[in-house]
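Trainee: Submitted below is the structure of interest, expressed as structure tokens.
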Amino acid sequence: MSNKANILVVDDEPNIRRGLAKGLAREAEHVDTAENANEALESISHRNYQLIIADVRLPGDMSGLELTSEVLKRNPGTAVIVITAHGTLETAVDAMRRGAFDFIIKPVDLELIRQQVRKALAHQSLKAENRELKTRLADAGEIAGMIGKCAAMQDVFRQVRQVAQTDATVLIHGESGTGKELIARALHDLSPRKEASFVPVNLGALPETLLESELFGHEKGSFTGAARMKPGCFERASRGTLFLDEVTEMPPKSQVDLLRVLETGQFNRIGGEALLTTDARLVSATNKDILELIEDGTFREDLYYRLYIVPIKLPALRERRDDIPLLIEHYMRHFCHRHNRPKKQFSSDAIQTLSLANWPGNIRQLRNLIERIVVTVPDEIVKVEHLPNDLAPRTKERPNQLTTLAEAAEVAEQEVIKLALSANDCHRGATAKALGISVRTLHYKMNRYGLH
Ligand SMILES: Nc1ncnc2c1ncn2[C@@H]1O[C@H](COP(=O)(O)OP(=O)(O)OP(=O)(O)O)[C@@H](O)[C@H]1O
Ligand SMILES: [Mg+2]
């Protein structure tokens, strides 16, 4: 990155200009020089400089301090390093207050300057990256605080806005942690029903008898322990939205009950005579492949067709890797604020590693990791070393592509061989034995995969 940078050296001493231009040539794409502030401003209007090194004392009507302010006013992303003479440290401090990145004390030590320049450029490019993220965050067409710039999520948001206006029954598909509950809430919040209740019920968490009472309510004394009349979810969601989470986990008997309500719009509380009518809007969610469950006979096909009027499919996080940096930034801010920590930045390497990870737990997993990092990493810059080392995907080069079975098997084989080698201290005989293959085969495979 640093070899793309442009540097401008502003000093009235030709020796310093020449020395720095030569000494920094390798750090930058261009190193230009200027003799005074006006010349510097002239150069700035022609070329974009990531770094400006300026003497505090400049001839003419503008000092290096004023130049610093002017440069940062025109382009706040620029890193400015000021050069100051011994005994004039106050001016250096003044420059820092005006927003300079660092200062150098004369006589100029080239090696030291190189280090400072590298540091400034690294910092500067991180800042630029963050700024870009912020603008991307700002115009991401999100709903309900959900992040999603990728086409698939934009599509989901569009669908949500559209169907929220209707009473159509929605079935949300998606792996665990992809945001199904958030989408269900958004469907409610964006709907004309938003003033009434959003009632979530997890159908996987309750045994059959309790589930029935949870959904339909019960009359006082209808069973042991029913000391009071209790309205069920259908009643509580009246004029609102009923969210049936993990709908495929419902026991068979409850599936029949639910089907009846969906067909007739009517139900009674347990132990009750009166037929009650529901007008709750239904949203359900599952992380299973329902069609498979129907084939297995564990989920009723007729119920499926009642629930599956409008399907909304949430992509897995690894299918929308471009959104990962946005989510990192979002949750980093969120948790720094919540835990009262100073703001952190992720190095580009760390962002890249996170972007390539597999994320079986999707956004929930990413969110939990960012929270852990915010709480446990003391450094301001989060680096790859701070990340757990089980994040790496198996196929680094093609994390998001379908492979043939043979290719997948090779990747797995390679991993297993590596593991076995390290478990057996690279002893080939023991490794081959552990793997159940001959030493010759092991050699062959190691050559093939370049494992030495
Ligand atoms: N698009 C998004 N932007 C930001 N945060 C999100 C997004 N989607 C989900 N999250 C967050 O990820 C976490 C998991 O979301 P949610 O509970 O909605 O997932 P789920 O699909 O219902 O998961 P499960 O199947 O495990 O119940 C929550 O903390 C949620 O706030
Ligand atoms: Mg959920």
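Trainee: Which pairs have Cβ atoms under 9 Å, sit 6 or more apart or on different chains, and link a residue in the range 50-73 that is within 16 Å of Asp94 (Cβ to Cβ) to one that is in a strand (DSSP E or B) and at pLDDT below 90?
Mentor: Close Cβ pairs satisfying both conditions: Asp55/Thr84; Val56/Thr84; Val56/Phe103; Arg57/Thr84; Gly64/Thr84.
To keep it simple, each residue is scored yes or no on (1) within 16 Å of ligand 1 (Cβ to nearest atom); (2) assigned to a strand (DSSP E or B); (3) without any contact (Cβ under 8 Å) to a residue 40 or more places away in the chain; (4) under 18 Å from Ile147 (Cβ atoms).
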position	(1), (2), (3), (4)
Glu329	yes, no, no, yes
His337	yes, no, yes, yes
Gln352	no, no, yes, no
Ile363	yes, no, no, yes
Leu366	yes, no, no, yes
Leu369	yes, no, yes, yes
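Trainee: If you take the residues of the range 56-79 that are charged (D, E, K, R) and part of a loop (DSSP other than H, G, I, E, B), which of them is surrounded by the most Cβ atoms within 10 Å (Cβ to Cβ)?
Mentor: Here is the first cut: in the range 56-79, the ones charged (D, E, K, R) are 57, 61, 66, 70, 73-74.
After this cut, where a residue has to be part of a loop (DSSP other than H, G, I, E, B) as well, the list is 57, 61.
Numbers: Arg57: 16, Asp61: 9.
Out of the qualifying residues, it is Arg57.
Yes/no matrix, rows are residues, columns are (1) in contact with a Lys or Arg (Cβ under 8 Å, 6 or more places away or on another chain); (2) over 25 Å from Arg185 (Cα atoms); (3) of a type in the set (D, E, K, R); (4) outside the structural domain of Val201 (by TED's automatic domain parsing):
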| position | (1), (2), (3), (4) |
| --- | --- |
| Pro252 | yes, yes, no, no |
| Gln255 | yes, no, no, no |
| Leu262 | yes, no, no, no |
| Phe267 | yes, no, no, no |
| Leu275 | no, yes, no, no |
| Ser284 | no, no, no, no |
| Ile290 | no, no, no, no |
| Glu295 | no, yes, yes, no |
| Arg300 | no, yes, yes, no |
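Trainee: If we scan the range 286-299, do we find a residue that is within 16 Å of ligand 1 (Cβ to nearest atom) and in a helix (DSSP H, G or I)? Talk me through it step by step, then tell me what you get.
Mentor: Residues of the range 286-299 that are within 16 Å of ligand 1 (Cβ to nearest atom), as a first pass: 286-290, 293.
Narrowing further to those that are in a helix (DSSP H, G or I): 290, 293.
Yes: the range 286-299 contains one or more residues that are within 16 Å of ligand 1 (Cβ to nearest atom) and in a helix (DSSP H, G or I).
Trainee: Then there is this: Do we have Ala237 as farther than 19 Å from Val199 by Cα, assigned by TED's automatic domain parsing to the domain that holds Phe223 and away from ligand 1 (no atom under 16 Å from the Cβ) here?
Mentor: Details: farther than 19 Å from Val199 by Cα: no; assigned by TED's automatic domain parsing to the domain that holds Phe223: yes; away from ligand 1 (no atom under 16 Å from the Cβ): yes.
Spelling it out, it is not the case that Ala237 is farther than 19 Å from Val199 by Cα, assigned by TED's automatic domain parsing to the domain that holds Phe223 and away from ligand 1 (no atom under 16 Å from the Cβ).
Trainee: Further, regarding this structure: Which numbered condition trips up Arg260, out of (1) modelled with pLDDT of 95 or more; (2) away from ligand 1 (no atom under 16 Å from the Cβ)?
Mentor: Result: Arg260 passes all but (1).
Trainee: Which of (1) closer than 30 Å to Asp322 by Cα; (2) at pLDDT 90 or above is the odd one out, the single condition Leu215 does not satisfy?
Mentor: Single failed check for Leu215: (1).
Trainee: Filter the range 1-20 down to residues that are of a type in the set (Gly, Ala, Ser) and either at pLDDT 95 or above or on the phi > 0 side of the Ramachandran plot (or both), then give me how many there are. If you could, list the steps in order and put the result at the bottom.
Mentor: First pass over the range 1-20, keeping only residues of a type in the set (Gly, Ala, Ser): 2, 5, 19.
Keeping just the survivors that are either at pLDDT 95 or above or on the phi > 0 side of the Ramachandran plot (or both) gives none.
Result for the range 1-20: 0.
Trainee: Further, regarding this structure: Report yes if Thr169 is surrounded by fewer than 20 Cβ atoms within 10 Å (Cβ to Cβ) and either in the same structural domain as Glu246 (by TED's automatic domain parsing) or touching a His at 6+ places or on another chain (Cβ under 7 Å) (or both), otherwise no. Before you say what the answer is, go through the steps one by one.
Mentor: Numbers: surrounded by fewer than 20 Cβ atoms within 10 Å (Cβ to Cβ): yes; either in the same structural domain as Glu246 (by TED's automatic domain parsing) or touching a His at 6+ places or on another chain (Cβ under 7 Å) (or both): yes.
In short, yes.
Trainee: Just for the range 371-389: of the residues that are touching a residue at least 12 places away in the same chain (Cβ under 8 Å) and outside any loop (DSSP other than H, G, I, E, B), which one is farthest from ligand 2 (Cβ to nearest atom)?
Mentor: First pass over the range 371-389, keeping only residues touching a residue at least 12 places away in the same chain (Cβ under 8 Å): 371, 373-375, 377, 379-384, 386-388.
From the residues that got through so far, the ones that are outside any loop (DSSP other than H, G, I, E, B) too are 371, 373-375, 381-382, 384, 386.
Values: Glu371: 18, Ile373: 24, Val374: 23, Val375: 24, Ile381: 34, Val382: 28, Val384: 31, His386: 29 Å.
Checking each candidate, the answer is Ile381.
The values are calculated or read from the model by the stated rules, or taken from the named source; none is laboratory data. These numbers come from a predicted model, not from an experiment. Note: ideal-geometry Cβ built from the backbone for every residue, glycine included; neighbour counts use all protein chains shown.
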